[in-house]
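The values are calculated or read from the model by the stated rules, or taken from the named source; none is laboratory data. All of these numbers come straight from a predicted model, not from anything done at the bench. Positions of Cβ are generated from backbone atoms using ideal geometry, with glycine treated the same way; all protein chains shown enter the neighbour counts. Surface accessibility is based on the protein's heavy atoms, side chains included, excluding ligands, DNA and RNA. Shrake-Rupley method; radii C 1.70, N 1.55, O 1.52, S 1.80 Å.
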Amino acid sequence: MIPFFNLTRQLADIQPLINEAIEKALSTGIYTGAEVVRDFEADFAQFCQSKYAIAVNNGTSALHLALSVLGIGKGDEVIVPANTFISTAWAVSYTGATPIFVDCEADTWEISPTDLQTKITPRTKAVIGVHLYGQVFDYEQVSQICQANQLYLLEDAAQAHGATYEGKKVGSLGDLAAFSFYPTKNLGTYGEGGAITTQNENYFQKIKKLRNLGASEKYFFDEIGFNYRLGAVEAAVLRVKLQFLAQWNQRRQQIAQFYQQNIQNPLVKMQKTNPQATSVYHLFVITTPNRDKFRDFLGQHNIQTALHYPCPCHLQAAYKFLAYRPGDLPNAEYLAAHCVSLPMFAELTNSEVEKIVEVINKFLNF
Ligand SMILES: *Cc1c(COP(=O)(O)O)cnc(C)c1O
């Protein structure tokens with residue numbers, strides 16, 4: 001069986017370094033708010049070409065704090081793509097603001113600047129652009145729209161650690177950026193983790209406080225905060241893995257290029273890439289008219305696939321109260337109904353990738 005995703009192969013490559021880092025973290029006797037967390041923050045800020053990084057307990061919390069520090073709340077609207085992982089929208093809802101869903105482009109599947117423009121109202125405060133599947137969204141157009149309308153621009157970079165736009169790293173582009181270190185992400189810990197990056201010192205100071213229950217000094221609180229801290233062991237793992245991230249991303253790019261050049265089946269459509277951006281291929285998603293047949297066929301040939309994501313955010317039951325209807329965001333809905341994610345992780349072997357291509361090229365829609 002060729003797995004859709006597998007983490008034990010990576011562990012086998014780095015286990016001695018991981019063991020050493022975890023042992024060192026344990027030996028300090030300090031398991032949260034530890035020195036190793038600050039060391040990781042410094043490493044990660046540097047990796048993202050960003051002045052500041054604040055590590056938190058997961059990516060959803062990172063998005064929540066990024067919105068909170070901007071004072072976004074009840075009565076405000078935040079524009080988010082409909083085709084994203086649900087956390088992008090949840091973070092908006094946690095603040096009391098309303099997520100306003102926007103369609104994606106028909107070919108890049110990234111946030112549509114044209115549709116975005118039509119969703120702006122006097123209540124709009126911010127836009128969250130998602131670097132979906134590891135590819136940077138049309139940053140130039142989206143940031144121009146944000147500037148012209150005095151909106152904050154946040155990056156949801158949970159799928160794109162290391163991706164670039166005109167040579168600049170994600171995490172350094174918007175007012176703030178949120179990352180996830182969920183185990184399956186390009187940079188993942190053993191457990192849960194996340195981070196916010198920013199160039200703004202005020203945001204940095206305020207987010208550090210909000211992460212730590214809002215404490216201005218020990219046991220004194222000048223606003224309501226959250227316990228969103230990252231553990232020491234998770235940070236120690238991330239410091240080790242960060243050293244390999246560029247190499248792992250390169251291998252993903254190599255696999256993606258092989259898929260792009262060799263999948264030659266008219267029933268398969270791939271994500272259009274933006275020439276200004278370098279994707280880190282968190283996922284390799286295709287669309288195909290009859291995906292059940294396609295997935296069955298690959299399954300019969302022992303190839304696992306997955307779906308990201310089968311239901312767009314605006315049609316989730318939890319957002320029924322927002323009264324969206326099927327047909328409101330047609331590109332996002334088409335993608336949800338026809339997407340299939342092919343195996344994609346750095347440890348896939350060449351022969352596995354070759355077999356996947358061979359099987360896909362044999363697929364016929366009869
Ligand atoms: C994974 C992910 C998140 C949430 O991160 P968690 O660490 O799972 O909370 C947010 N946005 C996107 C686009 C994601 O892929």
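Does T197 satisfy the criteria of being in contact (Cβ under 8 Å) with a residue 60 or more places away in the chain and assigned to a loop (DSSP other than H, G, I, E, B)?
Considered against the rule, which asks whether it is in contact (Cβ under 8 Å) with a residue 60 or more places away in the chain and assigned to a loop (DSSP other than H, G, I, E, B), T197 comes out as no.
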Next on the checklist: Quick test of your reading of the structure: R38 fulfils all but one of (1) in contact with a Pro (Cβ under 9 Å, 6 or more places away or on another chain); (2) open to solvent by 40 Å² or more (accessible area, probe 1.4 Å). Name the failing condition by number.
Outcome noted: (1)
Item to check | Pairs where the first residue, in segment 28-41, is closer than 11 Å to A55 by Cβ and the second is small (G, A, S) and part of a helix (DSSP H, G or I), C-beta under 6 Å, 6+ apart | outcome: A34/A232; V36/A25; V36/A232; V36/A235; V36/A236; V37/A235; F40/A235
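Out of E192, E217, report the one residue that is open to solvent by 70 Å² or more (accessible area, probe 1.4 Å) and modelled with pLDDT under 95. Full working, then the answer.
Numbers: E192 fails: modelled with pLDDT under 95.
It is E217.
Quick check, is G33 over 24 Å from L245 (Cβ atoms) and modelled with pLDDT under 95?
Working: over 24 Å from L245 (Cβ atoms): yes; modelled with pLDDT under 95: yes.
In short, yes.
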Checklist outcome for this item: Looking across segment 137-165 at residues that are among the acidic types (D, E) and more than 16 Å from the ligand (Cβ to nearest atom), the single one that is least open to solvent (accessible area, probe 1.4 Å) is D138
Checklist entry - Is at least one residue of segment 80-93 away from the ligand (no atom under 16 Å from the Cβ) and touching a residue at least 40 places away in the same chain (Cβ under 8 Å)? => result no
Next on the checklist: List pairs: first residue in segment 294-311 and on the phi < 0 side of the Ramachandran plot, second residue basic (K, R) anywhere in the structure, Cβ distance under 7 angstrom, at least six positions apart or on different chains.
Outcome noted: T305/R295
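Considering every residue within segment 328-340, establish whether at least one is assigned to a loop (DSSP other than H, G, I, E, B) and in contact with a Cys (Cβ under 9 Å, 6 or more places away or on another chain). Working first, answer last.
Quick first cut of segment 328-340, residues assigned to a loop (DSSP other than H, G, I, E, B) only: 328-329.
Then drop every residue that is not in contact with a Cys (Cβ under 9 Å, 6 or more places away or on another chain), which leaves 329.
Yes: segment 328-340 contains one or more residues that are assigned to a loop (DSSP other than H, G, I, E, B) and in contact with a Cys (Cβ under 9 Å, 6 or more places away or on another chain).
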Item to check | Pairs with Cβ under 6 Å, 6+ apart, first in segment 177-194 and assigned to a loop (DSSP other than H, G, I, E, B), second near the ligand (Cβ under 8 Å from one of its atoms) and open to solvent by 10 Å² or more (accessible area, probe 1.4 Å) | outcome: N186/H282; G188/Y182; E192/N58
Next on the checklist: Scan segment 56-71 and tell me whether some residue there is open to solvent by less than 10 Å² (accessible area, probe 1.4 Å), more than 15 Å from the ligand (Cβ to nearest atom) and not in a helix (DSSP H, G or I).
Outcome noted: no
Next on the checklist: Cβ contacts < 7 Å: first residue within 17 Å of V80 (Cα to Cα), restricted to segment 313-327; second residue of a type in the set (A, V, I, L, M) and part of a loop (DSSP other than H, G, I, E, B), any location; separation 6+ or different chain. Result?
Outcome noted: C313/A82; C313/I86; H314/A82; H314/L329; Q316/I86
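Answer yes or no as to whether P266 is more than 30 Å from G214 (Cα to Cα) and modelled with pLDDT of 95 or more. So that I can check it myself, show each step before the final result.
On the way: more than 30 Å from G214 (Cα to Cα): yes; modelled with pLDDT of 95 or more: yes.
Yes; evaluated as a whole, the condition is true for this residue.
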Next on the checklist: Given the criteria open to solvent by less than 10 Å² (accessible area, probe 1.4 Å), within 15 Å of the ligand (Cβ to nearest atom), within 17 Å of M344 (Cβ to Cβ) and not in a strand (DSSP E or B), does V285 qualify?
Outcome noted: no
Checklist entry - If only one of K168, K185 is among the charged types (D, E, K, R) and surrounded by fewer than 19 Cβ atoms within 10 Å (Cβ to Cβ), which one is it? => result K168
Checklist entry - Out of (1) within 23 Å of L116 (Cβ to Cβ); (2) open to solvent by 10 Å² or more (accessible area, probe 1.4 Å), the odd one out for D222 is which? => result (1)
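Conditions (1) small (G, A, S); (2) open to solvent by 10 Å² or more (accessible area, probe 1.4 Å); (3) out of contact with any Ser or Thr (no Cβ under 9 Å at 6 or more places or on another chain), marked per residue:
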{"position": "M1", "(1), (2), (3)": "no, yes, yes"}
{"position": "T28", "(1), (2), (3)": "no, yes, yes"}
{"position": "F44", "(1), (2), (3)": "no, no, no"}
{"position": "Y52", "(1), (2), (3)": "no, yes, no"}
{"position": "A82", "(1), (2), (3)": "yes, no, yes"}
{"position": "F101", "(1), (2), (3)": "no, no, yes"}
Item to check | Residue list for segment 343-366, filter: over 10 Å from I263 (Cα atoms), surrounded by 12 or more Cβ atoms within 10 Å (Cβ to Cβ) and of a type in the set (V, I, T) | outcome: V353
